[in-house]
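Undergrad: Before we start, here is the structure in question, set down as structure tokens.
The values are calculated or read from the model by the stated rules, or taken from the named source; none is laboratory data. Computed from a predicted model, the values in this text were never measured in an experiment. All Cβ positions, even for glycine, are placed from backbone atoms using ideal geometry, and neighbour counts span all protein chains on display.
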Protein chains: 4
Amino acid sequence: GYVLANQVSELIGTRANLFIDGKHRGASVKNAKKISENEYAGMDVILVLGGDGTLLSVAKEASNLNLPVIGINLGRLGFLAEIEREEIEEGLNKLFAGDYEIEERMMLHAVLLDGKETTALNDIVVTRASSTLKILDLDIFIDDEYVDDFKADGIIIATPTGSTAYSLSAGGPIVDPSLNSMIVTPVCPHKMYSRTIIVPPEKTVTVKCKAAIDNEAVVAADSEILGKLSGNETVVIQIAQKNFKLIRFKGYKFFSVLHNKLVKKES
Amino acid sequence: GYVLANQVSELIGTRANLFIDGKHRGASVKNAKKISENEYAGMDVILVLGGDGTLLSVAKEASNLNLPVIGINLGRLGFLAEIEREEIEEGLNKLFAGDYEIEERMMLHAVLLDGKETTALNDIVVTRASSTLKILDLDIFIDDEYVDDFKADGIIIATPTGSTAYSLSAGGPIVDPSLNSMIVTPVCPHKMYSRTIIVPPEKTVTVKCKAAIDNEAVVAADSEILGKLSGNETVVIQIAQKNFKLIRFKGYKFFSVLHNKLVKKES
Amino acid sequence: GYVLANQVSELIGTRANLFIDGKHRGASVKNAKKISENEYAGMDVILVLGGDGTLLSVAKEASNLNLPVIGINLGRLGFLAEIEREEIEEGLNKLFAGDYEIEERMMLHAVLLDGKETTALNDIVVTRASSTLKILDLDIFIDDEYVDDFKADGIIIATPTGSTAYSLSAGGPIVDPSLNSMIVTPVCPHKMYSRTIIVPPEKTVTVKCKAAIDNEAVVAADSEILGKLSGNETVVIQIAQKNFKLIRFKGYKFFSVLHNKLVKKES
Amino acid sequence: GYVLANQVSELIGTRANLFIDGKHRGASVKNAKKISENEYAGMDVILVLGGDGTLLSVAKEASNLNLPVIGINLGRLGFLAEIEREEIEEGLNKLFAGDYEIEERMMLHAVLLDGKETTALNDIVVTRASSTLKILDLDIFIDDEYVDDFKADGIIIATPTGSTAYSLSAGGPIVDPSLNSMIVTPVCPHKMYSRTIIVPPEKTVTVKCKAAIDNEAVVAADSEILGKLSGNETVVIQIAQKNFKLIRFKGYKFFSVLHNKLVKKES
């Protein structure tokens, strides 16, 4: 990636000051000053070189600081990246010309009983704690209303952004990224009638681990483990207060990107 | 049904003036004056005795006139009805005591090329015109953006209210009725990757019949046929301007009604 | 197609006598004698120029006469055709060299109450009789055992060959063509727990239209309408006595054909 | 369970000699001699008190010794048990009267590269080795033919018996238990077109872990962990040589048991 980072640095030239964050302090990129991870404040744009995973990993900090993000796709799929590898020069020119729009993407906020909390751009996933193959037994509530119990491998609460990620693999629908909502999908539910539920953004989704012995779950936010749930413990999920800001060049088409990346690259 | 209608009339007594609409002019119900179908104006409430189908059949007129509707469920499932057959007296008392809330439900508006238009509370369905078993070939657009072509038996554009009806049978998700959105689900799509798409209420869904010979579709709104689509013709679907107003007693629980009606009665 | 038919005729030259069947009596193909449709007897091979639909249309007669069939794919997908358009010369050479194997494909046999009967290579479909959008109400039996009632748009009983056709669109699995079995899949079932059922070849599947008013279904075999089902009428489906014989060149790979045709061409 | 075991012992009386296996050596059951786990040889019938899990746990040994098994259902679902808790006396009388049939159920045999092997009555599951949430990357082969690669949470190879267990939760079909076959279903596959594949009993299914770093899977047989798969390692699955023999009273109906247990108890 550092060859590419240097190429990007050269293409940017004197048009901007370049910084490299703490996760990549080993990188030697020309004209780029190194910063520690908590020094994003004061930046104008975060430029991510990588796949969607890399982009997800800066989402929390970027949204906290209201910093817009643009991705150069080095990964396989890269739904979120706006610039493909072969369009870097053109993309940077549009960026510096201000020829772009900011697309707001809602995020989720999750809190555990012990106070641990985080935000996620794709999804909050409750899944089996280990490889014991024991099925989970979960109660789901929307606001104060009991929905159902799910004996399942897990449950996914996705944003519209995450609706094309793990949620889709579990059978969930594709949700237009401008429709703020939570997409609740069980993974391998025992009950044959279980379906995805689409929840409005002003409501709260609570997942509760039932009090059975050995009923232990892991909660992950964008694939990062946040903590565990044992019997009677809950994770409470709401829409986050701050959005993630994606830089999109004018003419960005959600469905053609979807088709090109999801269908063509996968076949 | 008329035994029940008379029972309802007696239970209402002098608390209200009762009218019977033109569709049921054959009915002899005590104390009920007959009106023609276009005389709903000036009424306070429409009381529907029947299943969801009967309730759907007054939705268009009721929403036009901003009249709230309450259903007494004589059908098998009856998601929309608030009063079950065994709770009529109690239900009417709550109604006259004003012990209820109005639940707003969005509707869809569909227009054909020839100007025919209608609204629907559950769904707009594009389906095969006859029993020739010929598959349809449809292009779908969201606003001006081309989504994909669907070779399928048909396509369903549902409201959240309709998400628990035909849309669910075709594999669609359950959408909380307070989340205004359009749920676009293909019926038996050829393409294995086709999924439900959830569209925000400010966008427009256009279904276009491709120009192939014998590619003829029927458009139906809440199961009533609106018209036909031949090659290159479209149906344009948006959220309707007026909502449907359902009377709900306090304490109404969407998910427990769903579970009781969808799961228990079906098993 | 007749340009191609003449090209095939030339490539065959004197290696075989060529006949054209009654459905294509308008075709003028060099060196090809015209026969009526019931004169296939005495032939060695049926050569089909077209898509899977064309091939399906000779399946019944070919299996009756134990005649092997080879297809030249002019259609879009063509799972059954062995020769692609760009490989005709090579394919014909293999055919005349005897460098092939016969792949046996089971067929289905369907009988209506009035005695009408037929066979099908892909599927027997029970579907709505008209475009009234009325849902069907069907009882399913396997041998004498009652399975369930299906309120649905229809039901598909497919062969393994048909498992990659309409049955797949309705959510059915892919069945290895060498596993004789019947794949029973409802189309848009009301009951959320309805699933595909795989039935062994020695059993009988009976579909019965319930006795409700307006409950009228059409029965189709390989998309050809066989007849209607009204209240209490049945269609009885079993494995046919005779197989369909497909000519396959050595090295034919089911899953790579599936992947190339089903996934790549569709994306 | 031991109250029940004593009740069963009393009901059996002098009609048979009763033994208790090594797993339950703590149990004090009247008139029952204790045996170690490898002393089943010489028995006539294995009587299982418990749910399907308990029955699965004796399947391997029972099939090795060709011993028929009958279950008394103390669990929640109990598809395999023939005797419900409230029918014990009647069931035991039928058993001693010989008023039953033997239903043969195929099993699967799985071998790892290191030679570890086992059999399973429900399924062989390849799943994530830990809770890292890393997706697996697996290649599937049927005999020597490459089928596809699956980026997924796992893959299930089920018997018809197992088709109503985990395989069903993952979206697989219901397979009549008399149709010997392997039901291959991915769990949350990335590729939207992935479907269940039904494989004939004479073929071999091979699951291979791709050579990526961190691509480590666990193989489980009937929920018991057999071993791990790292990069380039395989598990090879075939139909087992010996069947599992279930005692069924005359008049046993697969689909009514299925409906009662799967649908009614779950709703």
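Undergrad: Of the numbered conditions (1) within 21 Å of A:H109 (Cβ to Cβ); (2) without any contact (Cβ under 8 Å) to a residue 40 or more places away in the chain; (3) of a type in the set (G, A, S), A:G162 satisfies every one except a single condition; which is it?
TA: Unmet for A:G162, out of (1) within 21 Å of A:H109 (Cβ to Cβ); (2) without any contact (Cβ under 8 Å) to a residue 40 or more places away in the chain; (3) of a type in the set (G, A, S): (2).
Undergrad: Give region C:5-31 a look and list any residue that's in a helix (DSSP H, G or I) and more than 24 Å from the chain's Cα centre (by Cα), or say none.
TA: Of everything in region C:5-31, those that are in a helix (DSSP H, G or I) and more than 24 Å from the chain's Cα centre (by Cα) turn out to be C:N6, C:Q7, C:V8, C:S9, C:E10, C:L11, C:I12, C:G13, C:T14, C:R15.
Undergrad: Please list, ordered by first then second residue, the pairs with beta carbon atoms under 6 Å, 6 or more apart or interchain, first in region B:167-183 and touching a residue at least 12 places away in the same chain (Cβ under 8 Å) and within 7 Å of chain A (Cβ to nearest Cβ), second in a loop (DSSP other than H, G, I, E, B) and of a type in the set (A, V, I, L, M).
TA: B:S181/A:L179
Undergrad: Could you list, in sequence order, the residues of region D:192-202 that are buried (at least 18 other Cβ atoms within 10 Å of the Cβ), modelled with pLDDT of 95 or more and not hydrophobic (A, V, I, L, M, F, W, C)?
TA: Matches in region D:192-202: D:T196, D:P200.
Undergrad: Another one. Taking the condition of being part of a strand (DSSP E or B) and free of Cβ contacts under 8 Å to residues at least 24 places away in the same chain, how many residues in region B:122-152 meet it?
TA: 2
Undergrad: If you take the residues of region B:95-110 that are within 22 Å of B:T206 (Cα to Cα) and more than 11 Å from the chain's Cα centre (by Cα), which of them is surrounded by the fewest Cβ atoms within 10 Å (Cβ to Cβ)?
TA: B:H109
Undergrad: Quick one: is C:T127 over 15 Å from C:V236 (Cβ atoms), out of contact with any His (no Cβ under 8 Å at 6 or more places or on another chain), at the interface with chain B (Cβ under 8 Å from one of its Cβ atoms) and among the β-branched types (V, I, T)?
TA: yes
Undergrad: Would you call C:T204 within 18 Å of D:F254 (Cα to Cα), within 14 Å of chain A (Cβ to nearest Cβ) and not hydrophobic (A, V, I, L, M, F, W, C)?
TA: no
Undergrad: Which condition does B:D153 not pass, out of (1) within 14 Å of chain D (Cβ to nearest Cβ); (2) within 20 Å of C:V125 (Cα to Cα); (3) of a type in the set (D, E), if it passes all the others?
TA: (1)
Undergrad: Can you list the strands (runs of 3 or more DSSP E) found entirely within region C:32-121 that contain at least 3 residues being touching a residue at least 24 places away in the same chain (Cβ under 8 Å) and closer than 30 Å to C:T234 by Cβ?
TA: The strands (runs of 3 or more DSSP E) meeting that bar are C:108-112, C:117-120.
Undergrad: Next up: So which residues in region A:211-255 are crowded, with 16+ Cβ neighbours inside 10 Å and either of a type in the set (D, E) or more than 19 Å from the chain's Cα centre (by Cα) (or both)?
TA: Matches in region A:211-255: A:N215, A:E216, A:A217, A:D222, A:K228, A:L229, A:E233, A:T234, A:F249.
Undergrad: Hey, any hits in region D:9-25 for a residue that's on the phi < 0 side of the Ramachandran plot, polar (S, T, N, Q) and exposed (fewer than 12 other Cβ atoms within 10 Å of the Cβ)?
TA: For region D:9-25, residues on the phi < 0 side of the Ramachandran plot, polar (S, T, N, Q) and exposed (fewer than 12 other Cβ atoms within 10 Å of the Cβ): present.
Undergrad: Also, quick follow-up: Just give me the residues in region D:1-16 being more than 17 Å from D:V48 (Cβ to Cβ) and in contact (Cβ under 8 Å) with a residue 12 or more places away in the chain, in sequence order.
TA: D:E10, D:R15
Undergrad: For region A:123-132, indicate whether the set of residues that are surrounded by fewer than 17 Cβ atoms within 10 Å (Cβ to Cβ) and either modelled with pLDDT under 90 or under 14 Å from A:T206 (Cα atoms) (or both) is non-empty.
TA: Checked region A:123-132: at least one residue is surrounded by fewer than 17 Cβ atoms within 10 Å (Cβ to Cβ) and either modelled with pLDDT under 90 or under 14 Å from A:T206 (Cα atoms) (or both).
Undergrad: Looking only at region B:184-198, how many residues end up being more than 14 Å from chain D (Cβ to nearest Cβ) and closer than 16 Å to B:V235 by Cα?
TA: 2
Undergrad: Moving on. What's the number of the condition D:S194 fails, among (1) without any contact (Cβ under 8 Å) to a residue 12 or more places away in the chain; (2) closer than 25 Å to D:E216 by Cβ?
TA: Unmet condition: (1).
Undergrad: Something else now. What number of residues within region D:22-31 are closer than 21 Å to D:F96 by Cβ and in contact (Cβ under 8 Å) with a residue 24 or more places away in the chain?
TA: 2
Undergrad: Would you check if C:S194 is hydroxyl-bearing (S, T, Y) and not assigned by TED's automatic domain parsing to the domain that holds C:D139?
TA: no
Undergrad: Any idea which of D:I156, D:I225, D:I237 is modelled with pLDDT of 95 or more, out of contact with any Asp or Glu (no Cβ under 6 Å at 6 or more places or on another chain) and not aromatic (F, W, Y)?
TA: Result: D:I237 is the single residue among D:I156, D:I225, D:I237 that is modelled with pLDDT of 95 or more, out of contact with any Asp or Glu (no Cβ under 6 Å at 6 or more places or on another chain) and not aromatic (F, W, Y).
Undergrad: Among (1) within 23 Å of the chain's Cα centre (by Cα); (2) more than 30 Å from D:P201 (Cβ to Cβ); (3) not charged (D, E, K, R), which single condition is D:I83 missing?
TA: Every condition holds for D:I83 apart from (2).
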